[in-house]
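Colleague: My questions will all concern the structure given below.
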Amino acid sequence: MKYLEHPFRISQLILKSLEGQLEEAERRELDDWLAIEANRKLYITLSQANLDKKKALFEQLHPERSWKRLEKQLAFKRQPRFLRIVRYVAAVLLLGIAGTTVYWYQNRSEIFSSSIQQTEIEPGSAKAFLILASEEKINLESDRIFSLQQDSSVKLDNKGNTLRIESGSPALQASQEYQTLFVPTGGEYKLVLEDGSQICLNSDTKLRFPLVFSSEKRVVYLEGEAYFEVAPDSQKPFVVVTQGMEVNVLGTKFNVKAYQGDRSVITTLVSGSVRIKEDKSSRTALLRPNEQCVYSADDGRMQVRSVDSQVFLGWIYGRFIFENETLEEILKQFSRWYDVEVLFQNPEVAGYRFSGNVDRFDQISTLLGMIEKTYDISFTVRDRTVIVSKK
Amino acid sequence: MEVSTFDIECFKQGEHLAFKTIFDSLYHSLCLFTNRFLDDLAASEDIVQEAFCTLWNHREEMESIVHIKSFLYTVVRNGVLNYIKHQKIRLRYEQSLCDLEDKASFEYFIIEEEVERILLKTRESLPPKCKEIFVLAMQGKDNQEIARILNISVNTVKTQKKITYKKLKNYIYEISCLLLLLHK
């Protein structure tokens, strides 16, 4: 007998018999076990299990306290970010050295007749461009403070992967012109608006916003995914406009996912409340914390459901969190973050579902490897394309 | 949240969130299992916490959730034996010692914990009406009796029971998947 397999097998048979779903062979197996008097007694006890007593005992336990102590005992805190960066730098340096060595070796003896070039696929990182109303494009890779020509009373402070808008008063009318913050595939960035609202932008996302809001409303336009922490201002509603609908808020925390290629816009509320309004019919839906609205762009249907909002916010904490998610959606997210294309050789595997919680800064090969172990799927990575096939 | 094979892979790689998922799904059962021998919830929680610590240190060897469960139950059992050894008044634990050293009764306790864990989980996930029927059925009442007690038709009882079975089936399915993996 491998491990303690037996008791788990019997547990399964008992449950199936309570459910009335035993197959003939299983029935015989269970009957054999029941032939022993003591076993039968246990079976009878279980079929009339006193679950209330059990539940009461459950409630006397302190799993959170034990977990905290366990965490302390094992001292597994998240590796500080700079350490991770050091690790990446070290990896890149090593690759560099290895590359040079190979190059040198190759030149010397020409042992390697064909040069196979494997592109290393790196996770995404903080990067963004600011596209001005004049269509001028500013790369936000270096820290600096600047202002746009029209109005020097508004300062843009780009520091620590965050673009911060700071307006001195009085700002010019021209500052209400819309600018675009564009985060490419394989990027993420933060933006702090003039009113203090904070926004995290995910890969492949565009957000249009004014340097200074008008006096009645705070309106921004979103294409892609962003997490908002809106500064409260009951006088000036904050509106996020996406394809086909808009989200109206006063001051809350929520996530909106509205990619062009996706069939739906998903709004997840963390705290406060938001009202979602459809463009065509002006129908609305009100969300409470831990509720999610799925708006279908095809037929304009709005569906509200309860969710664990943290699952949908994994990305802002540097994680991929999936709960019973399709492979198609998972790979779509990977493709935006790792900047790769995905090709399904067998379309049916796109519907396979997975759950998991992994580090967004892991190599894509690690994540794909985990999925490969779970199902009969294999991934081939060629240049920047991931080919998915059945084993 | 239930433990998926994906979680186990993450766990083996040292992901502590996956470890938390495993901890959450097994902690209660293991504590009650331990409590059967010690009748002391606080001491039981300590032993279980230690067992999870041991599990973390052996995470790379784990092959499946069944493997993890077997490992934990075994470590907990040794923990209990150790605990009893260090008690001054051993008399109190005479019966526990017998049970722990006898393989059959050790297995009984595991079966009991496993079955009750899933039954309770099923019950807690049911809508109120279904739950009432489930509770009565667990008390050994047949459909007619249940219908009379709740003042509903026998057919309603039957349809509600179907919902329950579906839930239960999902949970049993988890175990059977794991067993299948093990037999591969």
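Colleague: Students often forget the sequence filter, so: which lysines lie under 24 Å Cα-Cα from B:K158 once same-chain residues fewer than 8 apart are removed?
Modeller: Filter leaves A:K16, B:K121, B:K129, B:K131, B:K141, B:K166, B:K167, B:K169.
Colleague: Pull up the cross-link candidates among the aspartates and glutamates for A:K137, meaning alpha carbon to alpha carbon under 15 Å and not fewer than 8 places away within one chain.
Modeller: none
Colleague: Further, regarding this structure: Looking only at other chains, what is the average number of their beta-carbon atoms within 10 angstrom of each beta-carbon in A:355-363?
Modeller: 5
Colleague: Taking the Cα centre of each part, how many Å lie between the stretch B:66-89 and the stretch A:25-43?
Modeller: Result: 27 Å between the Cα centres.
Colleague: Determine the calculated [θ] at 222 nm for the protein assembly as shown from helices alone, applying -39500 (n - 2.57) to every DSSP H run no shorter than 4 residues and normalising by the residue count; nearest 500 deg cm²/dmol.
Modeller: -14500 deg cm²/dmol
Colleague: Between B:C53 and A:A35, with labels modelled 7 Å along Cα→Cβ, what's the label distance in nm to one decimal, could you check?
Modeller: It works out to 4.6 nm between the two label points.
Colleague: Also, I was wondering about something else. Considering only the other residues whose Cβ falls under 13 Å of the Cβ of A:F312, what net charge follows from Lys and Arg at +1 and Asp and Glu at -1?
Modeller: With Lys, Arg at +1 and Asp, Glu at -1, the neighbours total -2.
Colleague: Related question: Cα centroid distance between the stretch A:159-225 and the stretch A:360-391, in Å?
Modeller: Between the Cα centres of the stretch A:159-225 and the stretch A:360-391 lies a distance of 35 Å.
Colleague: Further question on the same structure: For chain B, what are the DSSP H helices with axial Cα length of 20 Å or more and mean Kyte-Doolittle hydropathy of at least -0.5?
Modeller: Answer set is B:16-38, B:41-57, B:65-85, B:103-124, B:154-183.
Colleague: Oh, and also: Which residue, chosen from A:F129, A:T284, A:T267, occupies the Cα position most advanced towards the positive end of the dipole of the stretch A:129-311, where the dipole is computed from +1 (Lys, Arg) and -1 (Asp, Glu) charges on Cβ about the Cα centre?
Modeller: Result: A:T284, furthest along the dipole toward the positive end.
Colleague: Now a separate question. Contour minus end-to-end for A:S271 and A:F344, with contour as 0.36 nm per residue of separation and end-to-end as the Cα-Cα distance?
Modeller: 22.5 nm
Colleague: Let me ask you something else. If you average the sequence gap of Cα pairs under 8 Å that are 6 or more apart and divide by the length of the stretch B:1-117, what percent do you get for the contact order?
Modeller: 28 percent
Colleague: Also: Pairs of Cα atoms under 8 Å, at least six residues apart: use those to get the relative contact order of the stretch A:129-311, whole percent.
Modeller: 12 percent
Colleague: Quick one: putting +1 on the C-beta of Lys and Arg, -1 on the C-beta of Asp and Glu, what dipole do you get for the protein assembly as shown around its Cα centre, in Debye to the nearest 20?
Modeller: That gives a dipole near 860 debye.
Here, each number is a calculation from the coordinates, and none is a lab measurement. Bear in mind the structure is a predicted one, so any value in this text is a computation, not a measurement. Glycine gets a Cβ as well: all are built from the backbone with ideal geometry, and neighbour counts include every protein chain shown.
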